[in-house]
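Q: Got a structure for you, written out below as structure tokens; questions coming shortly.
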Amino acid sequence: MKFGFCLMSDVTEIGFFRHVESLGYSSVWVADSQMLFSDCYAVLALAARQTTRLRIGPGTAICGTRIPPVQAAAMATINAIAPGRVFLGMGTGNTAMRTMGQKPMKMADYSEYLRVLAALLRGETVDYTFEGVTKPVKLLHREDRGMRLDPPIPLYVSGFGPRAMALAGEHGDGIIFAIPPRGVPVAQALGHARQGAARVNRNLDGFRNASLTSVFVLEKNEAVDSDRVKAAIGPNVMASVYYFYDTVHETGIQPPPFLDRIWGPYCKLVEETPPEHRHFRTHEMHYTGLHRGEAALIDEQLIRDTCLIGTADELVERIRELEHDGLEELVFAIGTDAKWRLAEDFARQVMPRL
């Protein structure tokens, strides 16, 4: 099992990359959300210069904000600085798009985007349609003008539903998804990817997988809902709530059962904001802080329902189960200052035992 972090992109905190590299982590994934954080590629360029072993890449880059040739060029540029240490995670843009009041990319458009991007990353010529005009495109002068496609850049497709997971098998070199209780079992996610690969008669030899989750190492006898836990990963808990708020109101489905007991009070908090600005309210604290009244909604059960939390012994047992199920990498999302201690606690208390 490999371990990494997903950071909310901050150009003033490049030292965290060196910190986790020294602790033995494998990767850092950098969130791409243009209305909230530093530009992810600027951060990755600086991080590439200040690390030597760490794998780095967007986690995840957003389809709706950069066309495929721009994504490919950006990744080829980072690969020129840190050859063989970069990867590209791609997603439809839940937060990045919703902070602008827009919806994430639809699955059919996502598939076409990934088709073009994957071909460009392989150095191929591919038909690409832009503003109604279709022409063949490829990266030109890629090996002598500050861009490199060799060593190859793995493409991880972000999938949180069956159709997106299938697209990972159809177009990607790997998949990044969510594990239970918020997500799906490892075998199910990989099964969807295999179904996508079968649609195009694709072999998945060497296919990679990673899960984005939230983790916390409890001290002896520490309560799951202690003030320290809430300060560190309370924003992670609420990020799950924000996600379902949008889904419920757009589709008319019922909220998942684990949110039943807080749904009414949470909606009341959100609806204090005028409708025209509500898309600010639901995402502006993404992984970084809590709005007034949200901490009171977070209890032990909600934390357990959204996070991988426990003592070192408990985490070791749970992670061994995930590894047995076929999970290859755990990526820990965090946007608070608690990430420095969390990285140390997990590296010293859990990683040596796995």
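Q: What's the number of the condition ALA119 fails, among (1) free of Cβ contacts under 8 Å to residues at least 12 places away in the same chain; (2) touching a Ser or Thr at 6+ places or on another chain (Cβ under 6 Å)?
A: Single failed check for ALA119: (2).
Q: Also, I was wondering about something else. Given the criterion buried (at least 19 other Cβ atoms within 10 Å of the Cβ), out of contact with any Asp or Glu (no Cβ under 8 Å at 6 or more places or on another chain) and in contact (Cβ under 8 Å) with a residue 60 or more places away in the chain, identify the matching residue among ILE309, ILE298, ILE303.
A: Residue meeting the stated conditions: ILE309.
Q: Further, regarding this structure: Give the residue, chosen from ALA47, ALA42, ALA96, ALA80, that is under 20 Å from the mean Cα position of the chain (by Cα), in contact (Cβ under 8 Å) with a residue 60 or more places away in the chain, over 19 Å from ASP173 (Cβ atoms) and part of a helix (DSSP H, G or I).
A: ALA96
Q: Now for a different question. Return yes or no: is ARG304 closer than 27 Å to ASP260 by Cα, in contact with a strand residue (DSSP E or B) (Cβ under 8 Å, 6 or more places away or on another chain) and in a helix (DSSP H, G or I)?
A: On the way: closer than 27 Å to ASP260 by Cα: yes; in contact with a strand residue (DSSP E or B) (Cβ under 8 Å, 6 or more places away or on another chain): no; in a helix (DSSP H, G or I): yes.
No.
Q: Now a separate question. So THR52 passes all but one of these: (1) assigned to a helix (DSSP H, G or I); (2) surrounded by fewer than 21 Cβ atoms within 10 Å (Cβ to Cβ). Which condition number does it fail?
A: Tallying (1) assigned to a helix (DSSP H, G or I); (2) surrounded by fewer than 21 Cβ atoms within 10 Å (Cβ to Cβ), THR52 fails exactly one: (1).
Q: So, in the range 117-168, of the ones that are farther than 21 Å from THR65 by Cβ and polar (S, T, N, Q), which residue ends up surrounded by the most Cβ atoms within 10 Å (Cβ to Cβ)?
A: Here the residue is THR125.
Q: Scan PHE244, PHE216 and give me the residue that is within 18 Å of the chain's Cα centre (by Cα), without any contact (Cβ under 8 Å) to a residue 60 or more places away in the chain, surrounded by 14 or more Cβ atoms within 10 Å (Cβ to Cβ) and within 27 Å of LEU322 (Cα to Cα).
A: Result of the check over PHE244, PHE216: PHE244.
Q: Let me ask you something else. Does MET147 fit the bill of being hydrophobic (A, V, I, L, M, F, W, C), in contact with a helix residue (DSSP H, G or I) (Cβ under 6 Å, 6 or more places away or on another chain) and touching a residue at least 24 places away in the same chain (Cβ under 8 Å)?
A: It is true that MET147 is hydrophobic (A, V, I, L, M, F, W, C), in contact with a helix residue (DSSP H, G or I) (Cβ under 6 Å, 6 or more places away or on another chain) and touching a residue at least 24 places away in the same chain (Cβ under 8 Å).
Q: Could you grab the pairs with beta carbons closer than 8 Å, sequence gap of 6+ or different chains, first residue in the range 10-27 and among the acidic types (Asp, Glu), second one assigned to a helix (DSSP H, G or I) and modelled with pLDDT of 95 or more?
A: Correct list of pairs: ASP10/VAL43.
Q: Here is a further query. Just give me the residues in the range 224-249 being polar (S, T, N, Q) and modelled with pLDDT of 95 or more, in sequence order.
A: If the condition is that a residue be polar (S, T, N, Q) and modelled with pLDDT of 95 or more, then SER226, ASN236 are the ones that fit.
Q: Of the numbered conditions (1) modelled with pLDDT of 95 or more; (2) polar (S, T, N, Q); (3) within 26 Å of HIS283 (Cα to Cα), SER22 fails exactly one; give the number of that condition.
A: Failed condition: (3).
Q: Confirm whether GLU222 is surrounded by 13 or more Cβ atoms within 10 Å (Cβ to Cβ) and either among the acidic types (Asp, Glu) or in the same structural domain as ALA338 (by TED's automatic domain parsing) (or both).
A: yes
Q: Scan the range 73-101 for residues that are more than 21 Å from HIS286 (Cα to Cα) and small (Gly, Ala, Ser) and jot them down.
A: ALA73, ALA74, ALA76, ALA80, ALA82, GLY84
Q: Moving to a separate point now. Out of all the residues in the range 185-204, which are free of Cβ contacts under 8 Å to residues at least 60 places away in the same chain, under 17 Å from HIS324 (Cα atoms) and buried (at least 19 other Cβ atoms within 10 Å of the Cβ)? I'd like the intermediate steps shown before the answer.
A: Here is the first cut: in the range 185-204, the ones free of Cβ contacts under 8 Å to residues at least 60 places away in the same chain are 188-189, 191-204.
This time we only want the ones that are under 17 Å from HIS324 (Cα atoms), so: 188-189, 191.
Across the range 185-204, the qualifying residue is only ALA189.
Q: Turning to a different aspect of this structure: For the range 17-39, which residues satisfy the criterion of being under 22 Å from ALA239 (Cα atoms), not in a strand (DSSP E or B) and not charged (D, E, K, R)?
A: If the condition is that a residue be under 22 Å from ALA239 (Cα atoms), not in a strand (DSSP E or B) and not charged (D, E, K, R), then ALA31, SER33, GLN34, MET35, LEU36, PHE37, SER38 are the ones that fit.
The values are calculated or read from the model by the stated rules, or taken from the named source; none is laboratory data. Model, not experiment: these values are computed from the prediction. Methodologically, a virtual Cβ is constructed for each residue, glycine included, from the backbone with ideal geometry; neighbour enumeration extends over all protein chains shown.
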